[in-house]
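The block underneath contains the structure these notes are about, expressed in C-alpha coordinates.
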Amino acid sequence: MVQACLNGSRTAEHGAAVPMSPKDLARSAADAVAAGATEIHVHPKCPCGHDSLSPRVLTPVLEALRERVAVPIGVTTGAWAEPDPAARLARVRSWSPLPDFASVNWHEPGAEELAALLLERGVAVEAGIWSGTDGAARFTASALGPRVLRVLAEVMDPDPATAETSARALLAALGGAHGRPLLLHGEEGGTWPVLRLAARLGLATRIGLEDTLLLPDGEQAASNARLVTEGLLQYASARRAP
Ligand SMILES: C[C@H](N)CC(=O)CC(=O)O
(Lines give C-alpha, C1' and ligand atoms only; values in the text may rest on other atoms or scores of the structure.)
Protein backbone atom coordinates (compact mmCIF):
# COMPACT_ATOMS: atom_id res chain seq x y z
CA MET A 1 0.00 0.00 0.00
CA VAL A 2 1.44 3.36 -1.02
CA GLN A 3 -0.43 6.47 0.08
CA ALA A 4 0.10 9.76 -1.74
CA CYS A 5 0.37 12.72 0.65
CA LEU A 6 -0.41 15.52 -1.73
CA ASN A 7 0.32 18.80 0.04
CA GLY A 8 0.63 18.72 3.86
CA SER A 9 1.03 22.03 5.60
CA ARG A 10 3.00 23.47 2.71
CA THR A 11 2.06 26.85 1.30
CA ALA A 12 2.40 28.59 -2.05
CA GLU A 13 5.98 29.52 -1.18
CA HIS A 14 6.96 25.84 -1.60
CA GLY A 15 6.36 26.10 -5.33
CA ALA A 16 3.70 25.68 -7.98
CA ALA A 17 3.96 21.88 -7.97
CA VAL A 18 2.25 21.69 -4.55
CA PRO A 19 -1.52 21.44 -5.14
CA MET A 20 -3.62 23.79 -3.02
CA SER A 21 -7.06 24.33 -4.62
CA PRO A 22 -9.72 21.59 -4.87
CA LYS A 23 -9.22 21.44 -8.65
CA ASP A 24 -5.43 21.13 -8.43
CA LEU A 25 -5.71 18.58 -5.62
CA ALA A 26 -8.11 16.47 -7.69
CA ARG A 27 -5.83 16.58 -10.74
CA SER A 28 -2.79 15.72 -8.65
CA ALA A 29 -4.64 12.88 -6.90
CA ALA A 30 -5.78 11.41 -10.24
CA ASP A 31 -2.21 11.50 -11.58
CA ALA A 32 -0.84 9.99 -8.36
CA VAL A 33 -3.38 7.15 -8.50
CA ALA A 34 -2.56 6.55 -12.17
CA ALA A 35 1.10 6.29 -11.08
CA GLY A 36 0.19 3.61 -8.51
CA ALA A 37 -0.94 5.34 -5.31
CA THR A 38 -3.65 3.36 -3.52
CA GLU A 39 -4.82 6.03 -1.05
CA ILE A 40 -4.77 9.81 -0.76
CA HIS A 41 -3.94 11.95 2.30
CA VAL A 42 -4.79 15.60 1.89
CA HIS A 43 -4.75 18.87 3.85
CA PRO A 44 -7.72 21.01 2.72
CA LYS A 45 -6.68 24.68 2.51
CA CYS A 46 -8.54 27.93 2.87
CA PRO A 47 -7.86 30.45 0.07
CA CYS A 48 -5.06 32.03 2.18
CA GLY A 49 -3.23 28.67 1.95
CA HIS A 50 -3.53 27.55 5.57
CA ASP A 51 -4.85 24.13 6.62
CA SER A 52 -8.49 24.23 7.64
CA LEU A 53 -10.97 21.81 9.21
CA SER A 54 -13.97 23.91 8.23
CA PRO A 55 -16.66 21.98 6.31
CA ARG A 56 -16.78 24.90 3.87
CA VAL A 57 -13.18 24.08 2.96
CA LEU A 58 -13.32 20.29 3.32
CA THR A 59 -16.47 19.69 1.26
CA PRO A 60 -15.28 21.08 -2.10
CA VAL A 61 -12.00 19.18 -1.71
CA LEU A 62 -13.74 15.85 -1.03
CA GLU A 63 -16.21 16.42 -3.87
CA ALA A 64 -13.47 17.31 -6.37
CA LEU A 65 -11.32 14.35 -5.33
CA ARG A 66 -14.20 11.86 -5.46
CA GLU A 67 -15.05 12.96 -8.98
CA ARG A 68 -11.56 11.94 -10.09
CA VAL A 69 -10.44 9.02 -7.88
CA ALA A 70 -12.08 5.94 -6.35
CA VAL A 71 -9.42 5.21 -3.71
CA PRO A 72 -9.89 5.99 0.03
CA ILE A 73 -9.35 9.65 0.93
CA GLY A 74 -7.98 10.76 4.29
CA VAL A 75 -7.60 14.22 5.77
CA THR A 76 -5.54 15.88 8.44
CA THR A 77 -6.98 16.88 11.79
CA GLY A 78 -3.74 18.57 12.89
CA ALA A 79 -4.05 20.90 15.87
CA TRP A 80 -2.27 23.63 13.88
CA ALA A 81 -5.47 23.86 11.80
CA GLU A 82 -7.71 24.24 14.87
CA PRO A 83 -5.76 24.53 18.16
CA ASP A 84 -8.74 24.53 20.55
CA PRO A 85 -9.74 20.88 21.20
CA ALA A 86 -13.43 21.74 21.71
CA ALA A 87 -13.54 23.76 18.48
CA ARG A 88 -11.85 20.90 16.67
CA LEU A 89 -14.52 18.47 17.84
CA ALA A 90 -17.19 20.94 16.71
CA ARG A 91 -15.59 21.11 13.26
CA VAL A 92 -15.58 17.33 12.91
CA ARG A 93 -19.21 17.12 14.09
CA SER A 94 -20.14 19.48 11.24
CA TRP A 95 -18.40 17.57 8.45
CA SER A 96 -20.67 16.41 5.61
CA PRO A 97 -19.70 14.65 3.44
CA LEU A 98 -17.19 12.66 5.47
CA PRO A 99 -13.69 11.58 4.49
CA ASP A 100 -12.94 7.83 4.48
CA PHE A 101 -10.30 8.25 7.17
CA ALA A 102 -8.56 10.96 9.16
CA SER A 103 -5.19 11.13 10.88
CA VAL A 104 -5.16 11.96 14.56
CA ASN A 105 -1.85 13.04 16.06
CA TRP A 106 -1.87 11.12 19.33
CA HIS A 107 0.40 13.54 21.22
CA GLU A 108 -1.93 16.49 20.60
CA PRO A 109 -4.36 17.70 23.29
CA GLY A 110 -7.77 16.08 22.89
CA ALA A 111 -6.52 13.33 20.54
CA GLU A 112 -8.49 10.50 22.16
CA GLU A 113 -11.75 12.46 22.24
CA LEU A 114 -11.23 13.35 18.61
CA ALA A 115 -10.50 9.75 17.61
CA ALA A 116 -13.60 8.57 19.51
CA LEU A 117 -15.78 11.12 17.70
CA LEU A 118 -14.40 10.16 14.29
CA LEU A 119 -15.08 6.47 15.01
CA GLU A 120 -18.59 7.31 16.21
CA ARG A 121 -19.18 9.17 12.93
CA GLY A 122 -17.92 6.21 10.88
CA VAL A 123 -14.61 7.79 9.86
CA ALA A 124 -11.64 5.43 10.11
CA VAL A 125 -8.74 6.68 12.24
CA GLU A 126 -5.06 6.71 11.36
CA ALA A 127 -3.18 7.08 14.65
CA GLY A 128 -0.39 9.52 13.85
CA ILE A 129 2.55 8.72 16.11
CA TRP A 130 5.38 11.20 15.75
CA SER A 131 8.93 10.38 16.76
CA GLY A 132 10.23 12.73 19.44
CA THR A 133 6.84 12.96 21.19
CA ASP A 134 5.02 10.92 23.83
CA GLY A 135 2.56 9.76 21.14
CA ALA A 136 3.82 6.15 21.16
CA ALA A 137 3.45 5.83 24.96
CA ARG A 138 0.00 7.41 24.90
CA PHE A 139 -1.11 5.17 22.03
CA THR A 140 0.12 1.92 23.57
CA ALA A 141 -1.88 2.80 26.72
CA SER A 142 -5.00 3.83 24.79
CA ALA A 143 -8.22 1.81 24.94
CA LEU A 144 -8.95 3.03 21.40
CA GLY A 145 -5.73 1.50 20.04
CA PRO A 146 -7.31 -1.75 18.82
CA ARG A 147 -9.99 0.23 16.93
CA VAL A 148 -7.77 2.31 14.64
CA LEU A 149 -7.43 1.60 10.93
CA ARG A 150 -3.65 1.72 11.15
CA VAL A 151 -0.74 3.35 12.89
CA LEU A 152 0.96 6.12 10.93
CA ALA A 153 4.52 5.95 12.25
CA GLU A 154 5.87 9.41 11.42
CA VAL A 155 9.62 9.91 11.57
CA MET A 156 10.18 13.61 12.14
CA ASP A 157 13.98 13.39 11.94
CA PRO A 158 14.90 15.22 8.69
CA ASP A 159 18.53 14.08 8.70
CA PRO A 160 19.18 11.34 6.11
CA ALA A 161 22.09 10.08 8.22
CA THR A 162 19.98 9.41 11.34
CA ALA A 163 16.38 9.01 10.11
CA GLU A 164 16.59 5.23 9.86
CA THR A 165 17.82 4.96 13.46
CA SER A 166 15.03 7.30 14.56
CA ALA A 167 12.53 5.15 12.66
CA ARG A 168 13.72 1.97 14.36
CA ALA A 169 13.43 3.66 17.77
CA LEU A 170 9.89 4.77 16.97
CA LEU A 171 8.88 1.26 15.88
CA ALA A 172 10.39 -0.18 19.06
CA ALA A 173 8.43 2.32 21.17
CA LEU A 174 5.23 1.25 19.40
CA GLY A 175 5.78 -2.40 20.37
CA GLY A 176 2.90 -4.53 19.12
CA ALA A 177 0.87 -1.39 18.21
CA HIS A 178 -2.30 -3.19 19.37
CA GLY A 179 -1.82 -5.50 16.37
CA ARG A 180 -2.81 -2.73 13.96
CA PRO A 181 -1.10 -2.38 10.54
CA LEU A 182 1.77 0.10 10.34
CA LEU A 183 2.46 2.74 7.71
CA LEU A 184 6.01 4.06 8.12
CA HIS A 185 7.19 7.31 6.54
CA GLY A 186 9.80 10.03 6.92
CA GLU A 187 9.96 13.73 6.20
CA GLU A 188 12.25 16.01 4.21
CA GLY A 189 15.79 14.53 4.18
CA GLY A 190 14.55 11.44 6.01
CA THR A 191 11.87 10.62 3.43
CA TRP A 192 13.81 8.33 1.10
CA PRO A 193 15.85 6.42 3.73
CA VAL A 194 12.67 5.76 5.74
CA LEU A 195 10.72 4.70 2.63
CA ARG A 196 13.45 2.17 1.83
CA LEU A 197 13.37 0.93 5.45
CA ALA A 198 9.60 0.48 5.19
CA ALA A 199 10.17 -1.66 2.10
CA ARG A 200 12.81 -3.79 3.83
CA LEU A 201 10.43 -4.33 6.76
CA GLY A 202 7.47 -5.06 4.45
CA LEU A 203 5.47 -2.11 5.81
CA ALA A 204 3.09 0.23 4.02
CA THR A 205 4.46 3.69 3.29
CA ARG A 206 3.57 7.01 1.76
CA ILE A 207 5.18 9.55 -0.52
CA GLY A 208 4.26 12.96 -1.84
CA LEU A 209 5.01 16.66 -1.78
CA GLU A 210 3.91 16.84 1.86
CA ASP A 211 6.92 14.77 2.86
CA THR A 212 9.53 15.89 0.33
CA LEU A 213 9.94 18.30 -2.56
CA LEU A 214 12.91 16.32 -3.85
CA LEU A 215 13.56 13.12 -5.77
CA PRO A 216 16.20 10.74 -4.37
CA ASP A 217 18.89 12.32 -6.58
CA GLY A 218 18.17 15.76 -5.10
CA GLU A 219 16.30 17.03 -8.16
CA GLN A 220 13.11 19.02 -7.58
CA ALA A 221 10.02 16.77 -7.98
CA ALA A 222 7.70 18.15 -10.64
CA SER A 223 4.57 16.49 -9.21
CA ASN A 224 3.12 14.03 -6.75
CA ALA A 225 2.83 11.48 -9.57
CA ARG A 226 6.59 11.73 -10.19
CA LEU A 227 7.24 11.06 -6.50
CA VAL A 228 4.85 8.08 -6.48
CA THR A 229 6.55 6.59 -9.56
CA GLU A 230 9.98 6.97 -7.96
CA GLY A 231 8.68 5.80 -4.59
CA LEU A 232 7.41 2.55 -6.07
CA LEU A 233 10.74 1.97 -7.84
CA GLN A 234 12.71 2.63 -4.65
CA TYR A 235 10.34 0.44 -2.65
CA ALA A 236 10.64 -2.48 -5.08
CA SER A 237 14.41 -2.26 -5.27
CA ALA A 238 14.87 -2.02 -1.48
CA ARG A 239 12.52 -5.01 -1.06
CA ARG A 240 14.66 -7.08 -3.47
CA ALA A 241 17.99 -6.10 -1.88
CA PRO A 242 19.61 -8.86 0.20
C1 LIG B 1 3.80 15.54 10.42
C2 LIG B 1 2.93 15.14 9.29
N3 LIG B 1 3.25 15.93 8.15
C4 LIG B 1 1.51 15.26 9.65
C5 LIG B 1 0.68 14.28 8.93
O6 LIG B 1 0.98 13.81 7.88
C7 LIG B 1 -0.54 13.84 9.57
C8 LIG B 1 -1.54 14.93 9.69
O9 LIG B 1 -1.92 15.44 8.69
O10 LIG B 1 -1.90 15.24 10.80
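The values are calculated or read from the model by the stated rules, or taken from the named source; none is laboratory data. Worth saying up front: this structure is predicted, and the values here are computed from it rather than measured. Cβ sites come from the backbone with ideal geometry, for glycine too, and all protein chains shown count toward neighbours.
A quick yes/no check of all residues on (1) modelled with pLDDT of 95 or more; (2) within 12 Å of the ligand (Cβ to nearest atom); (3) crowded, with 21+ Cβ neighbours inside 10 Å:
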{"position": "S28", "(1), (2), (3)": "yes, no, yes"}
{"position": "A37", "(1), (2), (3)": "yes, no, yes"}
{"position": "D51", "(1), (2), (3)": "yes, yes, yes"}
{"position": "A64", "(1), (2), (3)": "yes, no, no"}
{"position": "E67", "(1), (2), (3)": "yes, no, no"}
{"position": "V71", "(1), (2), (3)": "yes, no, no"}
{"position": "T133", "(1), (2), (3)": "yes, yes, no"}
Testing V33 on (1) more than 16 Å from the ligand (Cβ to nearest atom); (2) modelled with pLDDT of 95 or more; (3) surrounded by fewer than 20 Cβ atoms within 10 Å (Cβ to Cβ); (4) not charged (D, E, K, R), one condition comes back false. Which one is that? (3)
Could you look through the range 106-160, keep only residues that are out of contact with any strand residue (DSSP E or B) (no Cβ under 6 Å at 6 or more places or on another chain) and among the acidic types (D, E), and pick out the one that is nearest to A79 (Cα to Cα)? E108
Which of the residues that make up the range 149-173 are more than 12 Å from the chain's Cα centre (by Cα), crowded, with 19+ Cβ neighbours inside 10 Å and within 16 Å of the ligand (Cβ to nearest atom)? L149, D157, A163, S166, A167, L170
First in the range 53-66 and among the charged types (D, E, K, R), second anywhere and loosely packed, with under 15 Cβ neighbours inside 10 Å, Cβ under 9 Å, 6 or more apart: R56/C46; E63/P97; R66/P97
Any idea which of (1) more than 21 Å from A222 (Cβ to Cβ); (2) of a type outside the set (D, E, K, R); (3) outside any helix (DSSP H, G or I); (4) out of contact with any strand residue (DSSP E or B) (no Cβ under 8 Å at 6 or more places or on another chain) is the one L89 doesn't satisfy? (3)
Scan the range 83-113 for residues that are more than 13 Å from the ligand (Cβ to nearest atom), within 27 Å of A173 (Cα to Cα) and among the hydrophobic types (A, V, I, L, M, F, W, C) and report the count. 0
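Would you point out which residue out of G176, G189, G202, G208 is under 27 Å from T133 (Cα atoms), surrounded by fewer than 20 Cβ atoms within 10 Å (Cβ to Cβ), within 16 Å of the ligand (Cβ to nearest atom) and not acidic (D, E)? Write out each step before concluding.
Values: G176 fails: within 16 Å of the ligand (Cβ to nearest atom); G202 fails: within 16 Å of the ligand (Cβ to nearest atom); G208 fails: surrounded by fewer than 20 Cβ atoms within 10 Å (Cβ to Cβ).
Only one candidate passes the filter, namely G189.
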Selection count, the range 1-16, where residues are among the hydrophobic types (A, V, I, L, M, F, W, C), assigned to a loop (DSSP other than H, G, I, E, B) and within 24 Å of A102 (Cα to Cα): 2
Report whether or not A141 is within 13 Å of the ligand (Cβ to nearest atom) and either surrounded by fewer than 24 Cβ atoms within 10 Å (Cβ to Cβ) or more than 22 Å from T38 (Cα to Cα) (or both). no
Exactly one condition in (1) farther than 26 Å from V104 by Cα; (2) in contact (Cβ under 8 Å) with a residue 60 or more places away in the chain is not met by A238; state its number. (2)
Can you say whether P216 is surrounded by fewer than 19 Cβ atoms within 10 Å (Cβ to Cβ), in contact with a Phe, Trp or Tyr (Cβ under 7 Å, 6 or more places away or on another chain) and part of a loop (DSSP other than H, G, I, E, B), as far as the supplied structure shows? yes
